[in-house]
Amino acid sequence: MTSPLIRRATESMLSRARWHPLEIIFWAGAFAAIWLLPTRHLILTEIAWLALFALSLDFLVGYAGIISLGHAAFFGVGAYAAALLAKHELINEPVLALFAAGLVAMALGFVTSFLVLRGSDLTRIMVSLGVALILRELANQFGWLTGGADGLQGVTMQPILGTFRFDMFGHNGYAYCLVVLFVLFLVARQIANSPFGLSLVAIKNNPLRAAAIGIPVDRRLIVIYSIAAFYAGIAGGLLAQTTSFASLDVFSFDRSADLLLVLIIGGVGYLYGGLIGAILFKVMQDYLSVLTPQYWPFWIGALLVAMVLIGRDRITGWTTPFRKLAAKLDWRAARRDAAAAEDRR
Amino acid sequence: MNYLKIAAAGLLAGTMSFGAAQAQETVKIGLVIAMTGQQASTGKQLKAAVELYMKEHGDMVAGKKIEVILRDSASVPDNSKRLAQELIVNDKVSILAGFEVTPAAMVVAPLATEAKVVELVMAAGTSVITERSPYIARTSFTLPQSSVIIADYALKNNMKNIVTMVSDYAPGADAEKSFTGQLTAGGGKVIESIKIPLANPDFAPFLQRAADAKPDALFVFVPSGQGATFMKQFAERGLDKAGIKVIGPGDVTDDDLLPQMGDAVLGVVTAHMYSADHNSPMNKKYVEAFTKANNFRPNFMSVGGYDGMHLIYEALKKTGGKADGDSLIAAMKGMKWESPRGPISIDPETRDIIQNIYIRKVEKKNGQLYNVEFQTFNDVKDPGKIKK
């Protein structure tokens, strides 16, 4: 016999892991875009890798509470790794090469995590920023390997799994990026809802208390930092593979800063934040830069300020009406509430 | 946004047959340039020049309507590639034009080859670009063109010990290599070669190194837009007073920024293909119309855009409006015309530009700084390709 309290706690935990109807609609929509929006695959490809990149930052910001302004370091390493592997024909098959690029970024994440985890928030921002800047300069100096400021030219990608060529229309590229994003999202969902993921949230809320109840804080943070680096590396690898190109820009500060914006727009700490943020940010950017190629950064800035003003204390406040709607749509939530009410009686 | 797109897609499908008939009447040009970011000044010049040309010559050529689609690369080559791809695939452009820097031009080259679309380079200046695709033609310039000539000038004027200082990317390497080659062949010596990071326009420490080497002259290449900062720091460090002369390709005394550079720049000698001061009736008219429309002076990038449009218009006239890549590039080869910069032509073998190179000195004219031309080298081919 379990007590009502434990039952309710278990129920609440399990409900986090359950698929919400809106989630299903979201992914169905993303996959439907393969057939429904054939002319928009190039921008959708960008959205897909940006979403993955933002997802990886959400691990840090939303779950572990580590703010990073240098996440492009791992993105860049992944991009250069994937491009170099293809250029020198070390690993010809893109999926394998992508995985390898992720691992390289992960190794870097593991090593730098020891630096980043020293000190408090401001120190972390400084160190992460520094790591990205150093890598950018290294890539610039080692021109014989990276092509320096000219970018890595002359990269030819082999077909995915030996069959699907990266075509000029970006059809295969989008399907490829989307599948990678989906698979890694499933993994991320598992991680977030596992005891490990929950312990991260505990650390974020109060590291001292988390340590007091027996959570090995530093070790957990090192692990999540490495995982986030892996994800970022894969995102960078996708960029390099779909464009057959890598340039110093992959390490740029703008990229890290934009990424934080993407995450803030979409909302922190619920996995979909990065995905939704990536869609909104890219669509907004694409639309505005076509509309006014010269002045679009101004309008982006204006929109961001407006979003924050509407959101007030919580920056993602502007999404609240949608979340409320989502809650209403979830028939299981209603059933759960009824059960909870019964328990209380 | 999405609804709009879906609605638009529906409309498009509904009017497909009509659209196809319409498409044959229009020739689309995808103009991919940096309107924001580091190279924004180049984008601004190119856009102004393209608009000026179309204002003067109308938008109908050989029975076709010319439509220019402008896209901002934000000075990021990855963007240039994606935008070029979208322009080819979605907008069905016949010509891709613009490309503010070498990496942007090179990253698009494989697309031009695959889609058989003409890539017209209006700005980037590395020699090797035109070899990257048989569909590339260029209306800007190559760095060896002016670097070789300024090396000869240095030798003749008794500047034997030179320090070179170039931005660390392909055009900089091109400029340095061709200059050094020509100089040492003529008995001069490069006593130190300095490379400056492209994205870090703080020249102070590098200028100190150059000053310590005590050269007769300093050979400088920085991309369009960085010249003003360079000349300011050059004067601040007192290098002008130490008697060190500045020579180089004309990028450093860019007409766009020259009026704000101050008197430290007086006497700088450069070799280049265009000066707003070029003495020809055509250029007088060009500068007047350009400044009237834009309230800034046209620079050497602008003529790349202006002549690029001219090349497209003339090629279309020659093909009778046929806009496929093979016909257009064939029509462009060997084309000869009078530009605001003087007589120019497209080399039929390399699809690169052949033009006069002028040696100029910065002087004050009516209270304004100008690159005043005093020597002309006629019909200079790209030395980067002749050697092979």
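The values are calculated or read from the model by the stated rules, or taken from the named source; none is laboratory data. Just so it is clear, the structure is predicted and the values come from calculations on it, not from any experiment. As a convention, Cβ positions derive from the backbone with ideal geometry for all residues, glycine included, and neighbour counts pool all protein chains shown.
Below, the figures for the structure above:
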item: Filtered residue count, region B:180-201, keeping only those that are in a loop (DSSP other than H, G, I, E, B), within 25 Å of the chain's Cα centre (by Cα) and in contact (Cβ under 8 Å) with a residue 24 or more places away in the chain; result: 4
item: Qualifying positions in region B:89-109 - among the β-branched types (Val, Ile, Thr), crowded, with 24+ Cβ neighbours inside 10 Å and either at the interface with another protein chain (Cβ under 7 Å from one of its Cβ atoms) or in a helix (DSSP H, G or I) (or both); result: B:102, B:107, B:108
item: Residue satisfying condition, being assigned to a helix (DSSP H, G or I), buried (at least 22 other Cβ atoms within 10 Å of the Cβ) and not acidic (Asp, Glu), within set B:230, B:219; result: B:230
item: Test: residue B:115 is of a type in the set (Gly, Ala, Ser), at pLDDT 90 or above, surrounded by fewer than 24 Cβ atoms within 10 Å (Cβ to Cβ) and assigned by TED's automatic domain parsing to the domain that holds residue B:315; result: yes
item: Test: residue in region A:314-332 that is modelled with pLDDT under 90 and outside any helix (DSSP H, G or I); result: yes
item: Only one of B:356, B:299, B:283, B:371 that is in contact with a Gly (Cβ under 6 Å, 6 or more places away or on another chain) and buried (at least 16 other Cβ atoms within 10 Å of the Cβ); result: B:356
item: Conditions (1) touching a residue at least 24 places away in the same chain (Cβ under 8 Å); (2) in a helix (DSSP H, G or I); (3) of a type in the set (S, T, N, Q); number of the one not met by residue B:158; result: (2)
item: Number of positions in region A:14-25 that are touching a residue at least 12 places away in the same chain (Cβ under 8 Å), under 18 Å from residue A:195 (Cβ atoms) and part of a helix (DSSP H, G or I); result: 3
item: Residue list for region A:116-163, restricted to those being β-branched (Val, Ile, Thr), away from every other protein chain (no Cβ under 14 Å) and either under 13 Å from residue A:71 (Cα atoms) or in a helix (DSSP H, G or I) (or both); result: A:116, A:123, A:125, A:127, A:131
item: Qualifying positions in region B:110-127 - within 26 Å of residue B:148 (Cβ to Cβ) and either within 10 Å of chain A (Cβ to nearest Cβ) or in contact with a Pro (Cβ under 8 Å, 6 or more places away or on another chain) (or both); result: B:124, B:125, B:126, B:127
item: Residue check, residue B:108 closer than 24 Å to residue A:47 by Cβ, modelled with pLDDT under 90, in contact with an Asp or Glu (Cβ under 7 Å, 6 or more places away or on another chain) and among the aliphatic types (A, V, I, L, M); result: no
item: Test: residue in region A:197-204 that is in contact with a Phe, Trp or Tyr (Cβ under 9 Å, 6 or more places away or on another chain), in contact (Cβ under 8 Å) with a residue 60 or more places away in the chain, farther than 20 Å from residue A:280 by Cα and within 14 Å of chain B (Cβ to nearest Cβ); result: no
item: Selected residue (criterion: farthest from residue A:290 (Cα to Cα)) from residues of region B:65-85 that are more than 7 Å from chain A (Cβ to nearest Cβ) and assigned to a loop (DSSP other than H, G, I, E, B); result: B:75
